[in-house]
Amino acid sequence: MSIARNAALLSANFVAAIMCISLNRETFKSFPFPAALTTLHYAVAAIAIEFVHVAGGFEKRPVPLTQRHNFYLLVCCWSACNALSNVSLDRNSVGFYQLVKILVTPSLVAFDFVVYGRRTTLLQGVALVLACLGVGVASVDDVQVNAYGALIACSAVITAAAQKVLNMHVQQVGGLSALQVLSNALPAMTLLSLAYVPLLDRDLPHLTTCDWASVRTFGFILASALAALAATTSATAIFGLISALAHVLLGQVKTCSVIVVGALFYDAPPTPQGMAGAALALLAITGFSLLRLPAIGAAAANDDVRSATASVVALRLLASEEGEGEDSEARLLSNASAFEAPTGVQEGSTK
């Protein structure tokens, strides 16, 4: 029964991940406001978290005063990275949108080096360079890439990396659970994301005249939000059921599948150079992830660390507008990295 259940959860997560991105793209056809859609997703997530609280799933707790500064930064980065990610999905090809997410891992490694002076091995460094090179090769050959879309995609990568580090810090040092952080953050994220609408969305006058109540528009908005919640629930459930290696491989399978779906239904036909670049990026980042698995396993050996890891992943997943956990290896690597952080980090500092 457990095998059947795990298989069902993995299948549900895989399908929901693909459906979430596909439904977002379809939603943009009748509701071309990705930042506004992100706000609606946050609102749905906030309602879901409140239901969990009312049902006795957790007790609310305010953010400690010593962590208020980090928490405010977290809210800003969190709300921005998801809005930027949805705008990137709207302005870029699905393949480029997905490939650029690979750069979150090199960004985390760069942060690790700048803040802690922690170096990667030669093989890990080569893998990261090849991953970046692959993304570059695939992007140059993508006829749908434009300067604004690329800027938005890179901004999403930077804010996503910052968000991963900050949410780890607020939970570990602030002593808050994932649901407690979400309960505090989601209302503010929902309101703050409203400020991104006039900055990131096009054709704003049409936002007020858009037929929100039409069957197509309302149906796709609701479906995209529900798909995100479904992917979130399944991804959170399977985290404790499969190994770190399985998470890495599942993430790469989903990445490949999203690229294939984009090529079949949304993007221009891929060229040999573009396919070669994408293959290089995927193989390189997978190789880097596999090289880092011993560090992840060492971190997970401690019960407290394992509990914190699951909590952090739930935190990242539950507030993500995609909710599909595509960058599983980046989250796992950031978790392992944080658990290796120097013991002299002060409580009020930002990791």
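The values are calculated or read from the model by the stated rules, or taken from the named source; none is laboratory data. Keep in mind it's a predicted model, so treat the numbers as computed, not measured. Note that each Cβ is placed from the backbone with ideal geometry, even for glycine, and that neighbours are counted across all protein chains shown. The accessibility values were calculated without ligands, DNA or RNA, using every heavy atom of the protein model including side chains. Shrake-Rupley method; radii C 1.70, N 1.55, O 1.52, S 1.80 Å.
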Give me the distance in nm between label points sitting 7 Å out from Cα along the Cα-to-Cβ direction at V253 and C210, one decimal.
-> 3.4 nm
Report the accessible area of M275, computed with a 1.4 Å probe over the heavy atoms of all protein chains in place, in Å² rounded to the nearest 10.
-> 110 Å²
Ranked from the most accessible area to the least, with a 1.4 Å probe and all protein chains present, what is the order of R91, R292, R61?
-> R61, R91, R292
Label point at E59 placed 7 Å out along Cα→Cβ; residues across segment 143-176 whose backbone nitrogen lies under 20 Å = 171-176
Residue separation times 0.36 nm, minus the C-alpha to C-alpha distance between T217 and L123: what's the value?
-> 29.0 nm
Nearest 0.05, what FRET efficiency do K29 and A268 give at R0 = 25 Å with Cβ-Cβ as r?
-> 0.90
Beyond 23 Å between alpha-carbons counts as too far, so tell me which of K60/K101; K29/K164; K101/K164 fall in that bin.
-> K60/K101; K29/K164
Summed side-chain charge close to N184 - residues other than N184 whose Cβ falls under 15 Å, Lys, Arg +1, Asp, Glu -1 = +1
